[in-house]
Structure formats: structure tokens, C-alpha cells
1. Using only the Cα atoms, what convex hull volume per residue in Å³ does the stretch 144-208 have?
2. Using 7 Å Cα-to-Cβ label points, what is the His172/Ala203 separation (nm, one decimal)?
3. Count neighbours as other Cβ atoms within 10 Å of each site's Cβ, and list the GluC sites (Glu not before Pro) in the stretch 192-225 that are DSSP loop with at most 14 such neighbours.
4. Cα centroids of the stretch 77-124 and the stretch 165-233: how far apart, whole angstrom?
5. Enumerate the aspartates and glutamates that Lys190 could reach by cross-link, defined here as Cα to Cα under 16 Å, with residues fewer than 8 away along the same chain left out.
6. Please compare each pair in Lys62/Lys228; Lys62/Lys250; Lys62/Lys153; Lys62/Lys265; Lys181/Lys250 to a cut-off of 22 Å on the Cα-Cα distance and tell me which ones are over it.
7. Can you give the extra length, in nm with one decimal, that the chain gains between Ala182 and Ala145 once fully stretched, where that is 0.36 nm per residue apart less the Cα-Cα distance?
Amino acid sequence: MASPITLYDIPGDVKGTAWSPNVWRIRCIYASTCYHDTLWKLTETTRRRARAQTRRYALNYKQLPYTTTWVEYPSIASTVQSIGAGPTSTWPSGEPMYTLPAIVDPNSSPPRTALAGSLPIALYLDRAYPDTPRLIPEGTAPLQAAFEAAFIKAVTPHMQMLIMPVGRERLHNASKEFYKKARESEWGGKMGEWAPTGSEARARDWEGLEKAMGVVKGWLEVDGQEGKFFMGDVPTFADMVVGARLMWMKTVLGEDSDEWKTVEKWHGGRWAQLLDDLQPYADVNV
């Protein structure tokens, strides 16, 4: 039996679940059970957060045993370097950018594989464990990558303004100030002024996000049919990209919040149904 893979994730004060949207993508692969121009940029840290949640889905879907090592934001770079995983991008200064999620697979040869980045991890898991369900069907890697980029670009301008300030409060104290400073540097302005509760800015962002998700729904129905998943009856990487973002919103806002209940009703309940369909792959192995 394979030894457990180690998944590196970001902790939060959310009972019974994980916080990071980027790590969620990979986690679901494993278990056996303001309008400033800068706000519209598809930044590396934005992609990083979404990829984490996808990785969580990926691990659970593949039914691979894994354990979680929790890493606070200020320790991410040093931790990723210490396990031997490479940077996933570079900062504007030219310095290497180290991000989560990351994995260490003790079952590979040479002795182990350390890797960061959701698409590289998904491709690696398909190669290393060919007898498990594929995340990226043969020949579709470029399309899956293009979909990820298009989806994140479509939803990011509004979703980040709505969710990040609330998400900060879900973090441990060790990460809160680091997260706030990093996001304000990335997006500009003061986080508390982006889209405060009851503001016109918040209403505009919710309207914009609903429209963006409507565009994504249109992609699903381009052939006149609406399948269960993006490529039919079986989930793939693309479904986990979307599901990870939705799970992030649900976790941060709270499943009983008025805002999340509104999202569940969008587009005939399409996105609530996707989360339900991905639920078998949503366990958090610690």
C-alpha cells in the first residue's frame, strides 16, 4: 500500500473544513472516501489561492492516502523551499515566488517528489498513479489550462473584493496581518474599503460576479446541452477549479449566510448542484 502523500495547506478558524481555495483543488484528488486597473489583473497570488482548493479535490478524487501539514502565511516560502519544491512564478521584483499548496510524495523514485502548482501536481498524479481516475483526460491538458485561466480571469475582479476581507477574519492571528498587507499591496487601497457590507461597491461586485458565473454557465451549454460536469458525467480538473472557488466562498461567507444562500440560487441552482456533485471528494484528511 502506498505511503501517504503530504499536502501542505493554509489553516483557518473554520471548524471541520479547510480554508484555502487553491489547496482545495488538490485535496479533492486524494481521499479514499476601486475598480482601479490593478484590480483587474490576473495576478499570481490570485491563481495560487484558487489552485490550492483544486488540489484538495484532486487527491480525494484519486483515492490516494494523504496527510495535511498546516503552514501559516508568513512561513510559506521557507517551508516550500525546505521540502525542495521549486517556485511557481516570480514577483515583479524578479525574486522567486513560493506558494501553496505543495505536495511531497514519498512513493516516487528517486526517493521522493516535491512539487508545487495545481496543474503540475495534477499532471504528476496522473502520470505517477495511472491506475487511478484521471484528472486531465488524455490530450486535454492545454484546454484544461486555458479554461482555468479564463475562469479565474472572469470571476476574479469581483470575487476577490467580496471574499478576501471576510476571509482574512477566518485566518489564525499568525497570518492575518501578513495576509492583509500582501493583499492590499497586490490589489491597492484598504481592504476594509473594497466592498464593505451594505455599500454600492459590494452590490456592484455581487452583480458582476453573478454575470461572470452566467458566462461560465454558457460555456457549459455551448452545445445546447447541460451535462453534470464540464466534460460529461465524470469530473475533471476544470470542475475542480470551479468547485474550489465555490467552496472557498461557502466556507468564508458561511453556508447559512444570506449572501451564500443567494449564490446557491444563481442560474437555477447550477453552482450549488456542482458542489453537491463534488461533495464525495471534499473530505479534509488531517
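1. Working: hull volume 6.6 nm³, N = 65.
Once divided by residue count, the hull of the stretch 144-208 is 102 Å³.
2. With each label point 7 Å from Cα toward Cβ, the separation is 4.0 nm.
3. In loop regions of the stretch 192-225 (DSSP not H, G, I, E or B), the sparsely surrounded GluC sites (Glu not before Pro) are Glu221.
4. Centre-to-centre (Cα) distance: 25 Å.
5. Excluding near neighbours in sequence, the set is Asp37, Glu169, Glu177.
6. Values: Lys62/Lys228 19 Å; Lys62/Lys250 24 Å; Lys62/Lys153 28 Å; Lys62/Lys265 30 Å; Lys181/Lys250 24 Å.
Exceeds cut-off: Lys62/Lys250; Lys62/Lys153; Lys62/Lys265; Lys181/Lys250.
7. Numbers: separation 37, 0.36 × 37 = 13.32 nm, distance 2.59 nm.
Computed gain between Ala182 and Ala145 is 10.7 nm.
Laboratory data are not the source of any read-out in this text; all were calculated from the coordinates shown. These figures come from a predicted structure and were not determined experimentally. Note that each Cβ is placed from the backbone with ideal geometry, even for glycine, and that neighbours are counted across all protein chains shown.
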